[in-house]
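Accompanying notes for the structure given below.
Here, each number is a calculation from the coordinates, and none is a lab measurement. As the structure is a computational prediction, the values presented were derived from the model and not from experiment. Counting neighbours? That spans all protein chains shown, and the Cβs are built from the backbone with ideal geometry, glycine included.
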Amino acid sequence: MKGIVESRFAPVQEGRLYGMVPRRLYELRGSKFISLARMKQYTTFTLKNLFGMIVDPMRPWWHSRNNSRIARSIVDVNKVYVSLFNVYRC
């Protein structure tokens, strides 16, 4: 996983993210992955959608206190999934 991501992007900040892609999804790598924009009281469009793909019961850690880590986490999870799939953002 690390090699796949780092062949396209700079390394992710938290290396354990490389191991958080579920095996069933990894087996589908190279497939289309559609990310739809979701409108709330604020607009994050499709970048934050992939944040939900972090499979960690300690999800608040990825936000950190005062959301100080969330931006970096969003960028990193996007690096991982964009490296594995043909991501289409709508």
Karplus-derived HN-Hα couplings along the stretch 19-35 (A = 6.51, B = -1.76, C = 1.60, θ = phi - 60°), whole Hz, x at Gly and Pro = x, 9, 7, x, 3, 4, 6, 4, 5, 9, 3, x, 7, 6, 9, 9, 10
message = With only alpha-carbon atoms in the gyration tensor, what are the semi-axes of the equivalent ellipsoid for the chain, in Å, largest first?
response = 20, 17, 12
request  = Rank these for me by crowding, K48, K32, going from fewest to most other beta carbons within 10 Å.
outcome  = K32, K48
message = I need R24, R59 ordered by Cβ neighbour count within 10 Å, fewest first.
response = R24, R59
query = Around S35, which amide H atoms from residues at least 5 apart in sequence, or from another chain, sit under 5 Å from its own amide H, with H modelled in the peptide plane?
reply = Y88, R89, C90
task = List the aspartates and glutamates whose Cα lies under 20 Å from the Cα of K48, skipping any in the same chain that are fewer than 8 positions away.
result = E14, D56, D76
key: Cα-centre dipole for the chain with unit charges at Cβ (Lys and Arg positive, Asp and Glu negative), debye to 20   = 180 debye
